[in-house]
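The block underneath contains the structure these notes are about, expressed in C-alpha cells.
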Amino acid sequence: MFGFSMVKMVRQHANKLDRSMRLQLVNLYRPFKKVPCFLHSTLENRLKKRNKLPVIIEFYEEGDACTLGLEQVHQILSGHRKCAVHHQFSSIPFCAATITANGIEDLLNNCTHIKKIHHDREVKALLDKASPSIRADVLNSSGVTGKDVTIAIVDTGVYPHDDLKGRITAFKDLVNEETDAYDDNGHGTHCAGDAAGNGFLSDGKYKGPAPEANIVGVKVLDKMGSGSLSAVIAGVQWCIDNKDKYGIRIISMSLGSEATQPAAEDPVVKIVEKAWQQGLVVCVAAGNEGPDDNTISSPGISPKVITVGAMDDLNTVDRSDDIPADFSSRGPTIDGLTKPDLLTPGVNIVSLRAPGSYLDKLSKSSRVDEDYCSLSGTSMATPICAGAAALVLQQNPDLSPDEVKEKLLDSAKDWGFPGNTQGKGYLDVSKLI
C-alpha cells in the first residue's frame, strides 16, 4: 500500500493539501485482495487520469502570486483532459476547479504559487413565539422594524411568499442560474421568514424580528439542501460585489460544514471575514452537533463573525423557563476560541412555507395552517439574530459590523451556562433601546 504513487505524493506535499484532500487522494485507489499485484499500478494510474475531484486552490498573497498562479494553473491544466477552473474569487486569492489526481500532482510539482489545495467538500443547510422570546416586539411597537435594511439569505433560495411581498429586492441563483426567485428545498424561505416575515397571512401571529426589512435571496444550495464550499464562497463574493447596488448590510448563513482546519486556513472563513471587512454584518449558524463540545462548524469558527447557537423557548413567551437546545453546537472551536457568541430561539420555529419544495413534501406533519411550517435548528436561530441586527442598523445606519456585534452581545443576558454553551447569553433585543 505504501508504495502507491498517491500515498507518496500526499506524503511529499502534505503541507499543501488540507486533511480532507489528503484523505480523498489516499483513498482514490484501494486494491482488492484478488487483484494480482502486477495490475495494481496500472489500475491506480487509470484512476488518476479518469477520476475528477472538486478542489479549491489557494495562492500566496504576496505581489502578483495570485495572477501568476492562475496563469500557471490554466497552462498546466490545458495538458490534462477533464480538468477545468470554474470560479475565480476577486476578494480572496482562491479559485475553484475540477481536477484529476494526475492534474493535482502536476500542479503541486510545477506551480510555484500554490499555497494549498483544499477539497471542495459538501456544505449542508443546518415564527411563532420566537420574536417575542427575544423581545423584538418591544422595538417593533416603537417603530423599529428593520425598514430600509437589507438582509442577504445565503441558502437554498427564497420563495416569493406573501409575508415577504414587495421586499425580495434581488435574487441570485448560483445553482441552476434561474432569474426569478424560487426555493426548491424550503430551508432558505423559512430562514427569510425567521428574519423578516411580517405575518401578513397569519394576522401578524408568525413574524420575524425585522418585519419591514428587505430580503436578497442568494441560492448556493440545491434541492436537497447541499452544496459545495466553492458555491458558498461564490455566493458571499456576489454579496460583496453587489452590496452597494442592492443595499445589502447583513448576510445570514444557516449552513456549514465540519471544521477541519484552523480558522486562519479555512477558505469559507476567509471570504466571510472579507465580507465583514467590507462592512457586512455576517451571522452564521453554530451547527447542530451538540451537546458535545468542540462541535462548532465552519464558518462559525471565525473570531470575527457572529456565531449563533439555539435556545429552546419551550414554545412560551416567558423567557424564564428557556434552556439551550440540546442539539446546539458547543465550543471551543478548533482554535480554542469560545463560541457561540450568543443564543436565540431555534426549536419548533414557525415560519414561511415554500409549497411543493423538498422539505414541504418530506415532512408534511411540520406544516402549520396553509402557509407556514415548523423547523428546528441553529439554522432558525441565525436569521433571527440577523433580523435583530437589522433593528440595530435601522437605528444606527453608520455602525460598523464590529459595533453591531458589540451591541448585540451587550444586549445578551447571561443565562448561567458555560461560555462555550451560551456565549454572552440569551439575546434580549429590548436592551437595544
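The values are calculated or read from the model by the stated rules, or taken from the named source; none is laboratory data. It should be emphasised that the depicted structure is a prediction, and the values quoted were computed from it without experimental measurement. Quick reminder, even Gly has a Cβ in these numbers, built from the backbone with ideal geometry, and neighbours come from all protein chains shown. Ligands, DNA and RNA are excluded from the accessible area calculation, which covers all protein heavy atoms including side chains. Shrake-Rupley method; radii C 1.70, N 1.55, O 1.52, S 1.80 Å.
Scanning the range 362-371 turns up no residue that is within 30 Å of Gln261 (Cβ to Cβ) and either buried (at least 18 other Cβ atoms within 10 Å of the Cβ) or out of contact with any Asp or Glu (no Cβ under 7 Å at 6 or more places or on another chain) (or both). Here Val154 clears all of (1) over 25 Å from Lys413 (Cα atoms); (2) of a type in the set (Val, Ile, Thr); (3) surrounded by fewer than 20 Cβ atoms within 10 Å (Cβ to Cβ) except the condition numbered (3). When residues in the range 298-317 are screened for being open to solvent by 10 Å² or more (accessible area, probe 1.4 Å) and out of contact with any helix residue (DSSP H, G or I) (no Cβ under 7 Å at 6 or more places or on another chain), 3 of them pass. Within the range 96-123, residues that are closer than 26 Å to Ile296 by Cα and open to solvent by 10 Å² or more (accessible area, probe 1.4 Å) sit with their Cβ atoms under 8 Å from residues that are of a type in the set (Asp, Glu) and assigned to a helix (DSSP H, G or I), at 6+ positions apart or across chains, in these pairs: Lys116/Glu265. Among the numbered conditions (1) assigned to a loop (DSSP other than H, G, I, E, B); (2) more than 25 Å from Tyr372 (Cα to Cα), the only one that Met224 does not meet is (2).
Test Gly235 against the stated conditions and say whether it is part of a helix (DSSP H, G or I) and either under 19 Å from Cys191 (Cα atoms) or touching a Lys or Arg at 6+ places or on another chain (Cβ under 9 Å) (or both). Yes; evaluated as a whole, the condition is true for this residue. Does Val392 count as out of contact with any strand residue (DSSP E or B) (no Cβ under 9 Å at 6 or more places or on another chain) and buried (at least 24 other Cβ atoms within 10 Å of the Cβ)? Judged against the criteria, Val392 is not a match.
Listed here are the residues, each with its yes/no results for (1) in contact with a strand residue (DSSP E or B) (Cβ under 6 Å, 6 or more places away or on another chain); (2) closer than 22 Å to Ile151 by Cα; (3) not β-branched (Val, Ile, Thr).
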| position | (1), (2), (3) |
| --- | --- |
| Ser351 | no, yes, yes |
| Ala354 | yes, yes, yes |
| Val404 | yes, yes, no |
| Gln422 | yes, no, yes |
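Please work out if Gly143 is out of contact with any Ser or Thr (no Cβ under 8 Å at 6 or more places or on another chain), among the small types (Gly, Ala, Ser) and open to solvent by less than 30 Å² (accessible area, probe 1.4 Å). It is false that Gly143 is out of contact with any Ser or Thr (no Cβ under 8 Å at 6 or more places or on another chain), among the small types (Gly, Ala, Ser) and open to solvent by less than 30 Å² (accessible area, probe 1.4 Å).
Of Ile168, Ile215, which residue is surrounded by fewer than 24 Cβ atoms within 10 Å (Cβ to Cβ), among the aliphatic types (A, V, I, L, M) and within 24 Å of Ala285 (Cα to Cα)? Even if it seems obvious, please write down each step before you answer.
Values: Ile215 fails: surrounded by fewer than 24 Cβ atoms within 10 Å (Cβ to Cβ).
Criteria check complete, one pass: Ile168.
Go through the range 419-433 and report how many residues are over 25 Å from the mean Cα position of the chain (by Cα) and either crowded, with 19+ Cβ neighbours inside 10 Å or assigned to a loop (DSSP other than H, G, I, E, B) (or both).
We begin by selecting, within the range 419-433, every residue over 25 Å from the mean Cα position of the chain (by Cα); these are 430-433.
Next, only the ones that are either crowded, with 19+ Cβ neighbours inside 10 Å or assigned to a loop (DSSP other than H, G, I, E, B) (or both) stay: 432-433.
Summing the residues that are over 25 Å from the mean Cα position of the chain (by Cα) and either crowded, with 19+ Cβ neighbours inside 10 Å or assigned to a loop (DSSP other than H, G, I, E, B) (or both) in the range 419-433 gives 2.
Against the conditions (1) farther than 23 Å from Asp222 by Cα; (2) in a helix (DSSP H, G or I), Pro383 satisfies every one except (1).
If you go through the range 194-210 and pick out every residue that is more than 12 Å from Ser252 (Cα to Cα) and open to solvent by less than 10 Å² (accessible area, probe 1.4 Å), you end up with 5. Scanning the range 395-411 for residues that are open to solvent by less than 10 Å² (accessible area, probe 1.4 Å) and not in a helix (DSSP H, G or I) turns up just one, Ser411. For the range 364-374, the condition holds for no residue, the condition being that it is of a type outside the set (S, T, N, Q) and closer than 26 Å to Ser298 by Cβ.
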